[in-house]
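What follows is a structure written as C-alpha coordinates; I'll ask about it next.
The values are calculated or read from the model by the stated rules, or taken from the named source; none is laboratory data. Here the structure is a predicted model, which is why all the values come from computation and not from measurement. Counting neighbours? That spans all protein chains shown, and the Cβs are built from the backbone with ideal geometry, glycine included. We work out accessible area using only protein heavy atoms, side chains counted, and drop any ligands, DNA or RNA first. Shrake-Rupley method; radii C 1.70, N 1.55, O 1.52, S 1.80 Å.
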Amino acid sequence: MFDRVWLNAHLATMQGEGLGLVEDGAVAARGGRIAWVGPRAALPGPAAETVDCAGAWILPGLIDCHTHLVFGGDRAAEFEQRLEGASYEEIARAGGGILSTVRATRAASEDALLAAARPRLAALMAEGVTTVEIKSGYGLDLETELRQLRVARRLGETAAVSVRTTLLAAHAVPPEFAGRRADYARHVAEVILPAAAGAGLADAVDAFCERIAFTLEETALVFEAARAAGLPVKLHADQLCDFGGAALAARYGALSADHLEYASTAGIAAMARAGSVAVLLPGACYFIREERRPDIAAMRAAGLRLALASDLNPGSSPALSLLLMLNLGCTLFRLTVAEALRGVTVVAAAALGLADRGRLAPGLRCDLALYRIARPAELCYWIGGNPCIGRVVGGHVVEEQRGEGLR
Ligand code: DI6
Ligand code: FE
(Lines give C-alpha, C1' and ligand atoms only; values in the text may rest on other atoms or scores of the structure.)
(Ligands and ions follow the chains in the order given, each with its own letter.)
Protein backbone atom coordinates (compact mmCIF):
# COMPACT_ATOMS: atom_id res chain seq x y z
CA MET A 1 0.00 0.00 0.00
CA PHE A 2 1.43 3.38 -1.05
CA ASP A 3 0.72 6.59 0.86
CA ARG A 4 0.01 8.53 -2.30
CA VAL A 5 0.17 8.05 -6.05
CA TRP A 6 0.27 10.64 -8.84
CA LEU A 7 -1.49 9.45 -12.00
CA ASN A 8 -2.36 10.74 -15.44
CA ALA A 9 1.01 12.46 -15.77
CA HIS A 10 4.02 12.38 -18.06
CA LEU A 11 7.39 12.01 -16.35
CA ALA A 12 10.86 13.38 -16.99
CA THR A 13 12.69 11.09 -14.56
CA MET A 14 16.29 12.20 -15.42
CA GLN A 15 17.22 8.50 -15.29
CA GLY A 16 19.95 7.45 -17.73
CA GLU A 17 21.63 9.98 -20.00
CA GLY A 18 18.75 12.18 -21.15
CA LEU A 19 15.41 13.23 -19.71
CA GLY A 20 14.28 9.66 -19.00
CA LEU A 21 10.80 10.25 -20.40
CA VAL A 22 7.80 8.14 -19.39
CA GLU A 23 4.53 9.01 -21.13
CA ASP A 24 1.36 8.23 -19.17
CA GLY A 25 3.34 7.46 -16.06
CA ALA A 26 2.78 7.21 -12.33
CA VAL A 27 4.81 8.09 -9.25
CA ALA A 28 4.07 6.44 -5.90
CA ALA A 29 5.30 7.63 -2.50
CA ARG A 30 5.68 5.93 0.86
CA GLY A 31 7.17 7.46 3.99
CA GLY A 32 8.27 10.62 2.14
CA ARG A 33 10.28 8.66 -0.42
CA ILE A 34 9.54 7.63 -3.97
CA ALA A 35 8.44 4.01 -3.74
CA TRP A 36 7.72 3.31 -7.40
CA VAL A 37 8.00 5.13 -10.80
CA GLY A 38 6.96 3.85 -14.21
CA PRO A 39 4.20 3.52 -16.79
CA ARG A 40 0.78 3.80 -15.17
CA ALA A 41 -0.31 0.48 -16.67
CA ALA A 42 2.40 -1.27 -14.61
CA LEU A 43 1.62 0.41 -11.25
CA PRO A 44 1.84 -2.44 -8.76
CA GLY A 45 -0.44 -1.55 -5.87
CA PRO A 46 -3.18 0.58 -4.37
CA ALA A 47 -2.60 3.88 -2.57
CA ALA A 48 -4.29 5.60 0.33
CA GLU A 49 -4.61 8.72 -1.81
CA THR A 50 -4.60 9.27 -5.57
CA VAL A 51 -3.77 12.57 -7.28
CA ASP A 52 -5.06 13.00 -10.84
CA CYS A 53 -2.53 15.23 -12.61
CA ALA A 54 -4.78 15.75 -15.67
CA GLY A 55 -1.96 15.30 -18.16
CA ALA A 56 0.60 17.50 -16.39
CA TRP A 57 4.34 16.80 -16.52
CA ILE A 58 6.21 15.74 -13.39
CA LEU A 59 9.90 16.47 -12.90
CA PRO A 60 12.09 15.95 -9.86
CA GLY A 61 11.72 19.11 -7.74
CA LEU A 62 14.10 21.73 -9.14
CA ILE A 63 17.37 22.46 -7.32
CA ASP A 64 18.95 25.93 -7.35
CA CYS A 65 22.50 24.98 -6.38
CA HIS A 66 24.07 28.49 -6.21
CA THR A 67 22.37 31.49 -4.58
CA HIS A 68 23.29 34.35 -2.29
CA LEU A 69 19.67 35.02 -1.38
CA VAL A 70 20.15 36.25 2.20
CA PHE A 71 21.32 39.88 2.10
CA GLY A 72 20.34 43.34 3.30
CA GLY A 73 19.23 46.16 1.00
CA ASP A 74 19.50 45.97 -2.76
CA ARG A 75 21.53 47.63 -5.49
CA ALA A 76 18.81 48.97 -7.79
CA ALA A 77 20.11 52.52 -7.38
CA GLU A 78 23.56 51.39 -8.49
CA PHE A 79 21.98 49.71 -11.48
CA GLU A 80 20.48 53.07 -12.43
CA GLN A 81 23.88 54.77 -11.99
CA ARG A 82 25.48 52.20 -14.26
CA LEU A 83 22.81 52.79 -16.89
CA GLU A 84 23.71 56.48 -16.70
CA GLY A 85 27.35 55.68 -17.43
CA ALA A 86 29.05 55.07 -14.06
CA SER A 87 31.40 52.09 -14.14
CA TYR A 88 31.26 49.22 -11.65
CA GLU A 89 34.70 50.30 -10.45
CA GLU A 90 33.71 53.95 -9.90
CA ILE A 91 30.73 52.78 -7.90
CA ALA A 92 32.92 50.45 -5.85
CA ARG A 93 35.47 53.25 -5.19
CA ALA A 94 32.65 55.46 -3.96
CA GLY A 95 31.81 52.80 -1.36
CA GLY A 96 29.20 50.92 -3.40
CA GLY A 97 29.30 47.44 -4.89
CA ILE A 98 29.66 44.38 -2.67
CA LEU A 99 30.62 46.53 0.33
CA SER A 100 27.36 48.46 0.18
CA THR A 101 25.53 45.13 0.55
CA VAL A 102 27.91 44.22 3.40
CA ARG A 103 26.96 47.45 5.23
CA ALA A 104 23.24 46.83 4.73
CA THR A 105 23.58 43.19 5.82
CA ARG A 106 25.55 44.05 8.94
CA ALA A 107 22.95 46.67 9.85
CA ALA A 108 20.03 44.25 9.48
CA SER A 109 18.73 42.09 12.33
CA GLU A 110 18.31 38.36 11.88
CA ASP A 111 14.55 38.81 11.61
CA ALA A 112 14.90 41.60 9.06
CA LEU A 113 17.20 39.45 6.91
CA LEU A 114 14.72 36.59 7.19
CA ALA A 115 11.81 38.79 6.16
CA ALA A 116 13.72 40.15 3.16
CA ALA A 117 14.80 36.69 2.02
CA ARG A 118 11.35 35.07 2.23
CA PRO A 119 9.80 36.54 -0.93
CA ARG A 120 12.96 35.79 -2.93
CA LEU A 121 12.80 32.17 -1.84
CA ALA A 122 9.05 32.09 -2.47
CA ALA A 123 9.60 33.23 -6.06
CA LEU A 124 11.97 30.31 -6.68
CA MET A 125 9.65 27.84 -4.95
CA ALA A 126 6.64 29.00 -6.96
CA GLU A 127 8.42 27.77 -10.10
CA GLY A 128 9.00 24.28 -8.68
CA VAL A 129 12.22 24.61 -6.67
CA THR A 130 12.35 22.18 -3.74
CA THR A 131 16.05 22.48 -2.77
CA VAL A 132 18.10 25.66 -2.66
CA GLU A 133 21.68 26.39 -1.70
CA ILE A 134 22.28 29.66 0.16
CA LYS A 135 25.70 31.26 0.69
CA SER A 136 26.87 33.73 3.28
CA GLY A 137 29.44 36.30 2.15
CA TYR A 138 27.82 39.66 2.87
CA GLY A 139 28.82 39.69 6.54
CA LEU A 140 32.59 39.29 6.27
CA ASP A 141 32.84 39.25 10.05
CA LEU A 142 32.19 36.37 12.40
CA GLU A 143 28.93 37.65 13.81
CA THR A 144 27.28 38.60 10.53
CA GLU A 145 28.47 35.56 8.58
CA LEU A 146 26.92 33.32 11.25
CA ARG A 147 23.77 35.46 11.23
CA GLN A 148 23.37 34.96 7.47
CA LEU A 149 23.81 31.20 7.87
CA ARG A 150 21.31 31.07 10.74
CA VAL A 151 18.79 32.89 8.57
CA ALA A 152 19.38 30.35 5.81
CA ARG A 153 18.82 27.49 8.26
CA ARG A 154 15.63 29.14 9.57
CA LEU A 155 14.33 29.47 6.01
CA GLY A 156 14.83 25.73 5.58
CA GLU A 157 13.01 25.01 8.83
CA THR A 158 10.03 27.25 8.15
CA ALA A 159 9.45 27.03 4.39
CA ALA A 160 8.57 23.86 2.44
CA VAL A 161 11.98 23.60 0.85
CA SER A 162 15.35 22.02 1.68
CA VAL A 163 18.13 24.54 2.29
CA ARG A 164 21.84 23.74 2.03
CA THR A 165 24.15 26.37 3.47
CA THR A 166 27.58 27.40 2.22
CA LEU A 167 30.07 29.60 4.07
CA LEU A 168 31.46 32.22 1.65
CA ALA A 169 33.33 34.43 4.11
CA ALA A 170 36.14 34.66 1.53
CA HIS A 171 33.95 36.72 -0.80
CA ALA A 172 35.55 40.18 -0.44
CA VAL A 173 37.94 41.96 1.92
CA PRO A 174 35.98 43.79 4.63
CA PRO A 175 36.82 47.43 5.45
CA GLU A 176 38.51 46.50 8.77
CA PHE A 177 41.05 44.50 6.78
CA ALA A 178 41.55 47.05 3.97
CA GLY A 179 45.02 46.52 2.49
CA ARG A 180 45.41 43.30 4.51
CA ARG A 181 43.75 40.75 2.27
CA ALA A 182 46.00 37.85 3.28
CA ASP A 183 45.34 38.59 6.96
CA TYR A 184 41.61 38.40 6.32
CA ALA A 185 41.97 35.08 4.46
CA ARG A 186 43.84 33.75 7.51
CA HIS A 187 41.06 35.10 9.77
CA VAL A 188 38.51 33.21 7.66
CA ALA A 189 40.54 30.00 7.86
CA GLU A 190 41.38 30.25 11.56
CA VAL A 191 38.35 31.93 13.11
CA ILE A 192 35.20 32.25 10.98
CA LEU A 193 35.29 28.85 9.29
CA PRO A 194 35.95 26.78 12.43
CA ALA A 195 33.18 28.68 14.25
CA ALA A 196 30.64 28.13 11.45
CA ALA A 197 31.60 24.47 11.22
CA GLY A 198 31.51 24.03 14.99
CA ALA A 199 28.03 25.51 15.17
CA GLY A 200 26.85 23.15 12.42
CA LEU A 201 25.81 26.11 10.31
CA ALA A 202 27.73 25.31 7.11
CA ASP A 203 27.26 22.34 4.80
CA ALA A 204 30.08 23.48 2.50
CA VAL A 205 32.70 26.20 2.01
CA ASP A 206 33.09 28.49 -1.01
CA ALA A 207 35.50 31.31 -1.96
CA PHE A 208 35.74 34.00 -4.63
CA CYS A 209 39.07 33.26 -6.31
CA GLU A 210 39.73 36.11 -8.72
CA ARG A 211 42.10 38.96 -9.52
CA ILE A 212 39.74 41.34 -7.69
CA ALA A 213 39.16 38.96 -4.76
CA PHE A 214 41.35 36.18 -3.28
CA THR A 215 44.50 34.60 -4.72
CA LEU A 216 45.01 30.89 -5.35
CA GLU A 217 47.18 30.66 -2.21
CA GLU A 218 44.61 32.41 -0.02
CA THR A 219 41.85 30.21 -1.42
CA ALA A 220 43.96 27.11 -0.75
CA LEU A 221 44.39 28.23 2.86
CA VAL A 222 40.60 28.42 3.26
CA PHE A 223 40.20 25.04 1.55
CA GLU A 224 42.74 23.47 3.93
CA ALA A 225 40.68 24.75 6.85
CA ALA A 226 37.52 23.33 5.25
CA ARG A 227 39.25 19.97 4.88
CA ALA A 228 40.30 20.07 8.54
CA ALA A 229 36.68 20.79 9.51
CA GLY A 230 35.42 17.96 7.30
CA LEU A 231 33.49 20.26 4.95
CA PRO A 232 33.36 19.90 1.16
CA VAL A 233 34.37 22.88 -0.98
CA LYS A 234 33.02 24.80 -3.98
CA LEU A 235 34.61 27.72 -5.82
CA HIS A 236 33.68 30.90 -7.69
CA ALA A 237 36.27 30.29 -10.39
CA ASP A 238 37.53 31.92 -13.58
CA GLN A 239 34.57 34.30 -13.89
CA LEU A 240 36.50 37.41 -14.97
CA CYS A 241 39.83 35.98 -16.16
CA ASP A 242 41.64 32.65 -16.44
CA PHE A 243 43.01 32.63 -12.92
CA GLY A 244 43.54 28.88 -12.49
CA GLY A 245 40.51 28.50 -10.22
CA ALA A 246 39.09 25.45 -12.01
CA ALA A 247 42.34 23.51 -11.54
CA LEU A 248 42.56 24.55 -7.88
CA ALA A 249 39.00 23.40 -7.27
CA ALA A 250 39.83 20.07 -8.91
CA ARG A 251 42.93 19.67 -6.74
CA TYR A 252 40.73 19.91 -3.64
CA GLY A 253 38.10 17.53 -5.05
CA ALA A 254 35.54 20.35 -5.04
CA LEU A 255 31.88 19.46 -5.38
CA SER A 256 31.74 22.18 -8.04
CA ALA A 257 33.45 25.14 -9.60
CA ASP A 258 31.05 27.85 -10.65
CA HIS A 259 30.97 30.52 -13.43
CA LEU A 260 34.00 29.28 -15.46
CA GLU A 261 33.61 31.75 -18.35
CA TYR A 262 37.41 31.97 -18.65
CA ALA A 263 38.35 28.47 -17.46
CA SER A 264 41.13 26.89 -19.53
CA THR A 265 40.84 23.55 -21.32
CA ALA A 266 43.35 22.13 -18.84
CA GLY A 267 41.29 23.40 -15.89
CA ILE A 268 38.14 21.88 -17.39
CA ALA A 269 39.89 18.53 -17.92
CA ALA A 270 41.18 18.57 -14.33
CA MET A 271 37.65 19.18 -13.03
CA ALA A 272 36.30 16.28 -15.09
CA ARG A 273 39.00 13.96 -13.70
CA ALA A 274 38.20 15.08 -10.15
CA GLY A 275 34.47 14.52 -10.66
CA SER A 276 33.67 18.18 -9.90
CA VAL A 277 30.52 19.68 -11.42
CA ALA A 278 30.60 22.85 -13.55
CA VAL A 279 27.88 25.21 -12.31
CA LEU A 280 26.93 27.64 -15.10
CA LEU A 281 25.45 31.00 -14.15
CA PRO A 282 24.01 32.66 -17.24
CA GLY A 283 22.14 35.29 -15.21
CA ALA A 284 25.43 36.88 -14.13
CA CYS A 285 26.80 36.80 -17.69
CA TYR A 286 23.64 38.49 -18.91
CA PHE A 287 23.35 41.10 -16.16
CA ILE A 288 26.96 42.29 -16.15
CA ARG A 289 26.98 42.01 -19.95
CA GLU A 290 29.93 39.65 -19.99
CA GLU A 291 30.54 38.60 -23.56
CA ARG A 292 32.83 35.69 -22.88
CA ARG A 293 30.97 32.35 -22.69
CA PRO A 294 32.03 29.25 -20.78
CA ASP A 295 33.64 26.76 -23.18
CA ILE A 296 30.73 24.34 -23.32
CA ALA A 297 32.28 22.38 -26.19
CA ALA A 298 35.42 21.68 -24.13
CA MET A 299 33.27 20.79 -21.12
CA ARG A 300 31.26 18.29 -23.17
CA ALA A 301 34.43 16.84 -24.71
CA ALA A 302 35.91 16.35 -21.23
CA GLY A 303 32.72 14.69 -19.97
CA LEU A 304 32.22 17.39 -17.33
CA ARG A 305 28.77 17.42 -15.76
CA LEU A 306 26.93 20.74 -16.21
CA ALA A 307 24.61 22.32 -13.65
CA LEU A 308 22.71 25.57 -14.02
CA ALA A 309 21.82 28.01 -11.21
CA SER A 310 20.47 31.49 -10.57
CA ASP A 311 23.44 33.02 -8.65
CA LEU A 312 20.67 35.11 -7.08
CA ASN A 313 22.54 38.11 -5.59
CA PRO A 314 22.01 41.89 -5.50
CA GLY A 315 25.08 42.82 -7.57
CA SER A 316 25.62 40.59 -10.58
CA SER A 317 22.47 38.48 -10.88
CA PRO A 318 19.25 39.77 -9.26
CA ALA A 319 17.51 36.71 -10.69
CA LEU A 320 14.36 35.47 -8.96
CA SER A 321 13.61 32.82 -11.58
CA LEU A 322 15.33 29.49 -12.20
CA LEU A 323 13.11 28.92 -15.24
CA LEU A 324 14.56 32.09 -16.78
CA MET A 325 18.02 30.60 -16.20
CA LEU A 326 16.94 27.57 -18.23
CA ASN A 327 16.09 29.90 -21.07
CA LEU A 328 19.34 31.87 -20.75
CA GLY A 329 21.37 28.66 -20.49
CA CYS A 330 19.92 27.52 -23.80
CA THR A 331 20.00 30.87 -25.61
CA LEU A 332 23.31 32.32 -24.31
CA PHE A 333 25.28 29.08 -23.77
CA ARG A 334 23.54 26.88 -26.36
CA LEU A 335 22.79 24.12 -23.87
CA THR A 336 20.38 21.47 -25.08
CA VAL A 337 17.03 21.15 -23.33
CA ALA A 338 18.21 17.89 -21.73
CA GLU A 339 21.44 19.50 -20.49
CA ALA A 340 19.56 22.49 -19.06
CA LEU A 341 16.91 20.41 -17.29
CA ARG A 342 19.44 17.90 -15.94
CA GLY A 343 21.43 20.95 -14.81
CA VAL A 344 18.65 22.03 -12.42
CA THR A 345 17.87 18.51 -11.19
CA VAL A 346 20.24 15.54 -11.17
CA VAL A 347 23.47 17.46 -11.80
CA ALA A 348 22.50 20.28 -9.42
CA ALA A 349 22.08 17.60 -6.73
CA ALA A 350 25.61 16.39 -7.46
CA ALA A 351 26.90 19.97 -7.19
CA LEU A 352 25.58 19.93 -3.61
CA GLY A 353 26.84 16.43 -2.87
CA LEU A 354 23.28 15.13 -2.53
CA ALA A 355 22.64 11.59 -3.78
CA ASP A 356 19.09 11.39 -2.41
CA ARG A 357 17.33 13.66 -4.92
CA GLY A 358 17.36 15.09 -8.43
CA ARG A 359 15.83 12.06 -10.18
CA LEU A 360 12.54 10.22 -10.07
CA ALA A 361 13.70 6.85 -8.80
CA PRO A 362 12.69 4.47 -5.99
CA GLY A 363 14.33 5.28 -2.67
CA LEU A 364 14.95 8.97 -3.39
CA ARG A 365 13.18 11.82 -1.60
CA CYS A 366 9.73 12.40 -3.03
CA ASP A 367 10.38 15.99 -4.14
CA LEU A 368 8.34 16.72 -7.27
CA ALA A 369 7.50 19.69 -9.48
CA LEU A 370 4.34 19.57 -11.61
CA TYR A 371 3.98 21.63 -14.78
CA ARG A 372 1.08 22.30 -17.10
CA ILE A 373 3.04 22.07 -20.38
CA ALA A 374 2.87 19.95 -23.53
CA ARG A 375 6.57 19.01 -23.57
CA PRO A 376 9.60 19.57 -21.30
CA ALA A 377 11.21 21.94 -23.82
CA GLU A 378 8.58 24.51 -22.83
CA LEU A 379 10.35 24.94 -19.49
CA CYS A 380 13.32 26.34 -21.41
CA TYR A 381 11.32 28.07 -24.12
CA TRP A 382 8.98 30.57 -22.47
CA ILE A 383 10.43 33.84 -21.19
CA GLY A 384 8.36 34.64 -18.11
CA GLY A 385 5.06 33.07 -17.10
CA ASN A 386 4.86 30.26 -14.60
CA PRO A 387 3.79 26.80 -15.76
CA CYS A 388 4.25 25.26 -12.30
CA ILE A 389 0.95 23.96 -10.91
CA GLY A 390 2.22 22.18 -7.84
CA ARG A 391 5.14 21.04 -5.71
CA VAL A 392 5.64 18.02 -3.53
CA VAL A 393 8.26 18.08 -0.78
CA GLY A 394 9.13 14.88 1.06
CA GLY A 395 5.97 13.24 -0.25
CA HIS A 396 3.69 16.05 0.95
CA VAL A 397 1.75 18.21 -1.46
CA VAL A 398 2.63 21.82 -0.62
CA GLU A 399 0.75 24.57 -2.29
CA GLU A 400 1.66 28.00 -1.07
CA GLN A 401 1.48 29.40 -4.59
CA ARG A 402 -0.06 27.85 -7.64
CA GLY A 403 0.64 29.00 -11.18
CA GLU A 404 -2.00 28.71 -13.86
CA GLY A 405 0.08 26.57 -16.18
CA LEU A 406 0.59 27.42 -19.84
CA ARG A 407 -1.92 25.00 -21.44
N1 DI6 B 1 30.71 36.70 -8.03
C2 DI6 B 1 29.78 37.56 -8.41
O3 DI6 B 1 29.47 37.83 -9.52
C4 DI6 B 1 29.10 38.04 -7.20
N5 DI6 B 1 29.85 37.43 -6.18
C6 DI6 B 1 30.75 36.67 -6.71
O7 DI6 B 1 31.53 36.01 -6.02
C8 DI6 B 1 29.00 39.51 -7.05
C9 DI6 B 1 28.22 39.77 -5.83
C10 DI6 B 1 27.87 41.23 -5.67
O11 DI6 B 1 28.23 42.08 -6.50
O12 DI6 B 1 27.20 41.52 -4.65
FE1 FE C 1 27.84 33.60 -6.87
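Do you know the relative contact order of the range 132-191, to the nearest whole percent, from alpha carbon pairs under 8 angstrom that are 6+ apart?
Details: 72 pairs, mean separation 22.6, N = 60.
After rounding, I find 38 percent.
Over the range 5-138, what lengths in whole Å, largest first, do the semi-axes of the equivalent ellipsoid take, defined as the square roots of 5 times the eigenvalues of the alpha-carbon gyration tensor?
45, 17, 12
With charges set only on the Cβ (+1 for Lys and Arg, -1 for Asp and Glu), what does the dipole of the chain come to about its Cα centre, in debye to the nearest 20? Kindly include the intermediate steps, with their values, before the conclusion.
Numbers: 40 positive and 45 negative charges, 144 e Å.
Roughly 680 debye for the chain.
Using θ = phi - 60° and the Karplus relation 6.51 cos²θ - 1.76 cosθ + 1.60, list the HN-Hα couplings for the range 346-360 in order, rounded to whole Hz, with x at every Gly or Pro.
Once θ is set to phi - 60°, the couplings for the range 346-360 become 5, 7, 4, 4, 5, 5, 9, x, 9, 9, 9, 7, x, 9, 9 Hz.
Continuing with the same structure: When the Debye formula is applied to the Cα atoms of the range 86-242, each taken as the same point scatterer, what base-10 log of I(q)/I(0) results at q = 0.08 Å⁻¹?
For the requested q values the scattering log ratios are -0.23.
State, as an integer percentage, the relative contact order of the chain based on alpha-carbon contacts under 8 Å between residues 6 or more apart.
Relative contact order, the chain: 19 percent.
Ratio of alpha-carbon Rg to the 2.2 N^0.38 Å globular estimate for the range 123-200, to two decimals, please.
My calculation over the Cα atoms of the range 123-200 gives 1.23.
Further question: When DSSP assigns beta bridges and you keep just the ones with both residues in the range 62-352, what percent turn out antiparallel, to the nearest 5?
5 percent
Sticking with this structure for a sec: Based on alpha-carbon atoms only, what is the radius of gyration of the range 200-291 relative to the globular estimate 2.2 N^0.38 Å?
Rg over 2.2 N^0.38 Å, computed on Cα atoms: 1.02.
Going by accessible area, probe 1.4 Å, with all protein chains left in place, what is the ranking of GLU84, GLU23, largest first?
GLU84, GLU23
Here's another thing I want to ask about it. In the P(r) worked out for the range 62-352, what percent of Cα pairs fall beyond 22 Å?
Result for the distance tail: 54 percent.
Treating each Cα of the range 257-320 as an identical point scatterer and ignoring solvent, apply the Debye formula and state log10 I(q)/I(0) at q = 0.17, 0.20 Å⁻¹.
So the normalised log intensities work out to -0.56, -0.73.
Let me ask something additional. For THR265, what accessible area in Å² do you get when you roll a 1.4 Å probe over the heavy atoms of the protein chains, rounding to the nearest 10?
Rounded to the nearest 10, that gives 90 Å².
Turning to a different aspect of this structure: Go ahead and estimate [θ] at 222 nm for the chain from helices alone: -39,500 (n - 2.57) per DSSP H run with n ≥ 4, summed, over the residue count, rounded to 500.
My calculation for the chain gives -10000 deg cm²/dmol from helical runs alone.
May I pose another question? Would you report the distance distribution of C-alpha pairs in the range 271-407 as whole percents per 10 angstrom bin, up to the bin with the largest distance?
12, 38, 38, 12, 1
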